[in-house]
1. Which of (1) crowded, with 16+ Cβ neighbours inside 10 Å; (2) in a helix (DSSP H, G or I); (3) in contact with a helix residue (DSSP H, G or I) (Cβ under 7 Å, 6 or more places away or on another chain) is the odd one out, the single condition residue 142 does not satisfy?
2. Collect the residues in region 197-217 that are more than 16 Å from residue 81 (Cβ to Cβ) and assigned to a strand (DSSP E or B), keeping them in residue-number order.
3. Taking the options 134, 118, name whichever one is touching a helix residue (DSSP H, G or I) at 6+ places or on another chain (Cβ under 8 Å), assigned to a helix (DSSP H, G or I) and surrounded by 19 or more Cβ atoms within 10 Å (Cβ to Cβ).
4. Go through the residues of region 187-199 one by one and say whether even a single one is closer than 19 Å to residue 112 by Cβ, touching a strand residue (DSSP E or B) at 6+ places or on another chain (Cβ under 7 Å) and either surrounded by fewer than 18 Cβ atoms within 10 Å (Cβ to Cβ) or at pLDDT below 95 (or both).
5. For the structure I just gave you, tell me whether residue 173 is surrounded by 23 or more Cβ atoms within 10 Å (Cβ to Cβ), touching a strand residue (DSSP E or B) at 6+ places or on another chain (Cβ under 7 Å) and assigned to a helix (DSSP H, G or I).
6. Within the group 181, 163, 147, which residue is outside any loop (DSSP other than H, G, I, E, B) and out of contact with any helix residue (DSSP H, G or I) (no Cβ under 8 Å at 6 or more places or on another chain)?
7. So residue 220 clears everything in (1) more than 16 Å from the chain's Cα centre (by Cα); (2) outside any helix (DSSP H, G or I) except one condition, right? Which one?
8. Which one of these is in contact (Cβ under 8 Å) with a residue 60 or more places away in the chain, crowded, with 19+ Cβ neighbours inside 10 Å, in contact with a strand residue (DSSP E or B) (Cβ under 8 Å, 6 or more places away or on another chain) and over 30 Å from residue 68 (Cα atoms): 156, 207?
């Protein structure tokens with residue numbers, strides 16, 4: 001498998017297969033939402049679109065980066081979301097990097113959204129699809145976020161080398177700027193356990209597949225076989 005690692009701005013053409021990585025915290029949060037029973041996650045283009053979708057569907061849960069805000073039900077924190085019962089509900093998610101990266105490759109034939117918490121399931125799905133070329137979209141810090149790059153490289157390695165040790169990849173993520181900002185309270189809408197939860201390898205048994213359903217990019221869990 002030819003693995004390519006690109007930031008969002010470097011996506012000059014639509015890749016056939018894309019894995020969009022946002023470890024801290026969009027796709028860790030998405031995985032927790034499914035773990036808490038959510039049926040699907042709609043990836044919004046903007047905060048305004050998220051609020052419009054919420055207005056049209058009052059039973060949907062709207063979630064954003066940063067501090068709590070009027071109209072939104074939750075913030076982009078796995079530590080805060082893990083206590084919320086989302087059984088059968090739809091979540092609308094808008095974040096600074098993760099959702100932007102997924103929407104940038106919405107025309108790809110296969111789009112997976114990933115973090116360490118779904119790494120193994122993501123690698124297994126890629127392996128079963130036997131794609132010749134996979135583009136990993138490193139969403140944070142204009143493609144330079146080491147937690148996202150480490151996770152992308154780990155997943156890529158797991159596709160071809162089943163015995164790959166996760167320790168060095170997790171260490172890089174733990175030492176990343178994003179981890180420091182979360183731990184030091186630089187970012188808002190944070191739970192003290194967020195970094196630990198973002199680094200919990202293979203916490204969930206599913207991959208997450210994003211597809212266009214009508215005009216909406218929609219994320220759903222996919223049990224890896």
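The values are calculated or read from the model by the stated rules, or taken from the named source; none is laboratory data. Keep in mind that this is a model prediction, so the values were computed, not measured. Reconstructed Cβ throughout: ideal geometry from the backbone, glycine too, with neighbour counts over all protein chains shown.
1. For residue 142, the exception is condition (1).
2. Matches in region 197-217: 206, 207, 209, 210, 211, 212, 213, 216, 217.
3. 118 is the lone residue from the list that is touching a helix residue (DSSP H, G or I) at 6+ places or on another chain (Cβ under 8 Å), assigned to a helix (DSSP H, G or I) and surrounded by 19 or more Cβ atoms within 10 Å (Cβ to Cβ).
4. Keep residues of region 187-199 that are closer than 19 Å to residue 112 by Cβ, which gives 198.
Adding the requirement that they be touching a strand residue (DSSP E or B) at 6+ places or on another chain (Cβ under 7 Å) leaves none.
Within region 187-199, not a single residue is closer than 19 Å to residue 112 by Cβ, touching a strand residue (DSSP E or B) at 6+ places or on another chain (Cβ under 7 Å) and either surrounded by fewer than 18 Cβ atoms within 10 Å (Cβ to Cβ) or at pLDDT below 95 (or both).
5. Working: surrounded by 23 or more Cβ atoms within 10 Å (Cβ to Cβ): yes; touching a strand residue (DSSP E or B) at 6+ places or on another chain (Cβ under 7 Å): no; assigned to a helix (DSSP H, G or I): yes.
No; evaluated as a whole, the condition is false for this residue.
6. Working: 163 fails: outside any loop (DSSP other than H, G, I, E, B); 147 fails: out of contact with any helix residue (DSSP H, G or I) (no Cβ under 8 Å at 6 or more places or on another chain).
Checking each option against the conditions leaves just 181.
7. Single failed check for residue 220: (1).
8. Answer to the check: 156.
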